[in-house]
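A.B. asks: Handing you a structure now.
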Amino acid sequence: MEGASVDNLESFFSLGIPHGTNRGLLEGLLPDKPFCPLPPKDEIASLVDDYLQQFNSMCPIFRPSALLSLCDDDNLQSIFNFPGRWASLNVVLAIGYMLRIENSSLVQIYHQKSWLFMKNALGVLNELCFGLPDLWTVQALLGMIVFLLGTVSSQPCGYLISSVMQICHQIRLERSENGSGLCPEELEQRRRIFWIAYCFDKEISLRAGIPLAQHDDDMDVLLPMEVPLDNIGIMSTTDQQGTFNAFRSTCELALIKSQVHKHLYSVAAADRPLVEVAATVAMLNEKLQQWKDSVPTEFRPAAFPQSPIATVLLFMHLSYFNCLIAIHRVTAARGSRLGMDLVERNSVYTLPSPVVFTSESLCTKAATASINLTKYIPKSNIIVIGIMIYYPILASKTLSSTIVRNPWDTSRTYHIRLIMQVEAFVSSLVLGTPNEGIEGLLKDCAEYRSLAEAAVREATQICR
């Protein structure tokens, strides 16, 4: 279907200027009808159920009861007049169809339907961003981010997450709820929505190299509950004597990512003396290891059962290894010269933490671990693939850079095989799923492999 997919949001900012609408401050600037009609009620209910079972348990953007209420006859009749609810339902339908892309005979049909309902949601994007804010608006925008990340269309996500955090501030989701009068379930959902937005903000910032939209000094909201009433995110220990909240732990990891950006990648962190950078790397490494130690042993990297909650655990581990690489690559890039550089550039010699001298090794191990986890990415879930494929791609880039810096390393052949393993995985996705960004990622994989192989060939010729 021509025009069913998009690379960015610019084309949706000028979707026509219909007249005669009656929708508040932005009257006349929004479409007065959807791009396509909603499916029959039974199909809506089925897609919403698929979304709740296969995705919401992993990323709880919506309260199931609230989302199901949108499917009531009365709500469906008037839902187009409420942009936040309209966009939320269409985002869920779009993701629901994406989750069904596992039957090869219906891949193109589901893919086209998915983009049509996403266009329904994007059709009210202006009103979501500039209209009256509410929780439905935040949830709809978060769903759009999930969809775009899932289709490897991350370019517009920086704009969307900035809008999300602005709306969170307008409805004060970043503040504690003391004296709010809300019931525990409502309080927990508000916290969840904020923390999902917070996690996406840190993820997108580190991926795209853009400034954070939410700074830690401007918030005092509590973390999600250790044991929520609905048990979302909860995993029981093997002996059934304890539990682990994977969602809360992911939020705690996002707090560390925020510090990584602030101290290593922000404008304020630029042009600092190398000795300060090394001290910062050591400090952040310690924080990350403390977080890892807080995870029960049985939930650290291991085999993953096939279930939505296990996917949360997989994402958490991939995110951990990515964070470890982000911390250490600033010192790993100096390779064997790091010690000499530290001595030469520090007028008052201070012995740095020994961990900074293992930065290159830690990056390599983290990249290797990320690639080894690739086999657990559920290949039938195109949304999860799109969100997680970033990690093995970055791991390939990390290994390629290591080989280019030291093509004589004894592990170079093994690392090239790992890069080829990622390339093969991405190549299989090109054949099996209609994902707009996958072919570009395949080119990246080929480039990383080519650079590594060229460095090894050149080093071999020099030795001869």
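A.B. asks: Mind ordering 230-239, 321-330, 158-167 by average Cβ neighbours within 10 Å, highest first?
C.D. replies: Per-residue Cβ counts within 10 Å, averaged per peptide and sorted highest first, yield 321-330, 158-167, 230-239.
A.B. asks: Sorted by mean Cβ packing within 10 Å, highest first, what order do the peptides 214-221, 419-426 take?
C.D. replies: 419-426, 214-221
A.B. asks: Which order do peptides 376-382, 409-415 fall in by mean Cβ count within 10 Å, highest first?
C.D. replies: So the peptides 376-382, 409-415, ranked by packing, come out 376-382, 409-415.
A.B. asks: Further question on the same structure: Pull up the cross-link candidates among the lysines for K292, meaning alpha carbon to alpha carbon under 26 Å and not fewer than 8 places away within one chain.
C.D. replies: Output for K292: K202, K257, K262, K365, K375, K397.
A.B. asks: Along the Cα→Cβ direction, 7 angstrom out, place labels at K375 and S353. What is the inter-label distance in nm?
C.D. replies: Modelled inter-label distance: 3.3 nm.
A.B. asks: How far, in degrees from 0 to 90, does helix 412-432 lean away from the longest principal axis of the Cα atoms of the chain, to the nearest 10?
C.D. replies: So the inclination is approximately 20 degrees.
A.B. asks: Quick one: with all protein chains in place, what share of the accessible area of the chain is carbon or sulfur, to the nearest percent (1.4 Å probe)?
C.D. replies: Within the chain, the accessible surface is 53 percent carbon and sulfur.
A.B. asks: Determine the distance separating the Cα centre of the stretch 352-369 from the Cα centre of the stretch 244-296; give it in Å without decimals.
C.D. replies: 14 Å
A.B. asks: Can I ask one more? Using only Cα atoms and rounding to the nearest 10 degrees, what angle (0 to 90) does helix 246-260 make with the longest principal axis of the chain?
C.D. replies: The helix 246-260 is inclined about 60 degrees to the chain.
A.B. asks: Can you tell me the orientation of helix 157-170 relative to the chain, as the angle in degrees between its alpha-carbon axis and the longest Cα principal axis, to the nearest 10?
C.D. replies: Taking Cα atoms only, the helix is inclined about 60 degrees.
A.B. asks: Output the relative contact order of the chain, whole-number percent, from Cα pairs under 8 angstrom with separation of 6+ residues.
C.D. replies: 14 percent
A.B. asks: Solvent-accessible area of K257, probe 1.4 Å, all protein chains present, reported in Å² to the nearest ten, please.
C.D. replies: Estimated to the nearest 10 Å², K257 gives 10 Å².
A.B. asks: What FRET efficiency do you get for A268 and R175 if R0 is 22 Å and r is their Cβ-Cβ distance, rounded to the nearest 0.05?
C.D. replies: 0.30
A.B. asks: Give, as a single signed number, the net charge of other residues whose beta carbon lies under 14 Å from the beta carbon of A213, with Lys and Arg counted +1 and Asp and Glu -1.
C.D. replies: Surrounding charge for A213 is -2.
A.B. asks: Over the stretch 37-155, calculate the relative contact order: mean separation of alpha carbon pairs under 8 Å at least 6 apart, over the residue count, as a percent.
C.D. replies: Averaging sequence separation for qualifying contacts and normalising by length gives 29 percent for the stretch 37-155.
A.B. asks: Separate question: Per the helix-only calculation at 222 nm, which mean residue ellipticity applies to the chain, given -39500 (n - 2.57) for every DSSP H run of n ≥ 4 and division by its residues, nearest 500 deg cm²/dmol?
C.D. replies: The helix-only estimate for the chain comes to -19000 deg cm²/dmol at 222 nm.
A.B. asks: With the other protein chains left in place, how much accessible area per residue, in square angstrom, belongs to the chain at a 1.4 angstrom probe?
C.D. replies: With the other protein chains kept in place, the chain gives 45 Å² per residue.
The values are calculated or read from the model by the stated rules, or taken from the named source; none is laboratory data. None of the values given here were measured: they were computed from a predicted structure. All Cβ positions, glycine included, derive from the backbone under ideal geometry; neighbour counts span all protein chains shown. Remember, those area values only see protein heavy atoms, side chains included, never the ligands or the DNA or RNA. Shrake-Rupley method; radii C 1.70, N 1.55, O 1.52, S 1.80 Å.
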